[in-house]
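Only the coordinates and a few stated rules stand behind these numbers; no lab work does. Computed from a predicted structure; not experimentally measured. A quick note on method: Cβ atoms are made from the backbone with ideal geometry, for glycine too, and the neighbour counts reach across all protein chains shown.
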Amino acid sequence: MTTVSLDTSGIKDRASFHSTFAQLIGFPAFYGANMDAWIDCMSSLTDEEPMSTLRLSSGEQLIIEVIAFEDFSRREPGLVEALLSCTAFVNLRYVGRKESTRIALVLL
């Protein structure tokens, strides 16, 4: 299990959401900074050459601690909805590849 903490205090818009994740997970320089690119990068965490510096081994799960979730959900409800729905979509991709779900969000 790998755990990272997502500090939401600096997330003010879509651009800061994507830059925060790019730094946290280590997305590549060519990261498109949109939710389709986010899904692609997060879906590659178990690949031999993931699109991130973070790589999960077989059976490993990524725990994302979402710090100050309540405040974040009040400030940026659209981004919260995108995070939740896209995380679910990424997990469905892993299941579709006969893997276990890989991403768990812990809302703090």
**Message:** For the pair A82/A33, report the inter-label distance in nm, with labels modelled 7 Å from Cα in the Cβ direction.
**Reply:** 1.2
**Prompt:** Taking only the alpha-carbon atoms of the chain, what semi-axes of the equivalent ellipsoid follow from 5 times the gyration tensor eigenvalues under a square root, in whole Å, largest first?
**Reply:** 22, 15, 13
**Complete:** If each K or R counts +1 and each D or E counts -1, the residues other than L107 whose Cβ falls under 10 Å of its Cβ total -2
**Item:** Segment L108-D40, length gained on full extension (0.36 nm per residue, minus Cα span)
**Value:** 21.9 nm
**Message:** Below 13 angstrom from the Cβ of D71, what's the summed charge of the other residues (Lys, Arg +1; Asp, Glu -1)?
**Reply:** 0
**Prompt:** If you take every DSSP beta bridge whose two residues both sit in the chain, what share of them, in percent to the nearest 5, is antiparallel?
**Reply:** 0
**Asked** Name the chymotrypsin sites (Phe, Trp or Tyr not before Pro) in segment 17-108 that are in a loop by DSSP and that have at most 11 other C-beta atoms within 10 Å, would you?
**Response** F30
**Asked** I67 to D13: FRET efficiency via 1/(1 + (r/R0)^6), r the Cβ-Cβ distance, R0 22 Å, to the nearest 0.05?
**Response** 0.80
**Message:** At R0 = 22 Å, how high is the FRET efficiency between T101 and Q23 if r is their beta carbon distance? Nearest 0.05 is fine.
**Reply:** 0.35
**Message:** Give me the percent relative contact order of segment 1-64, please, defined on Cα pairs under 8 angstrom at least 6 residues apart.
**Reply:** 40
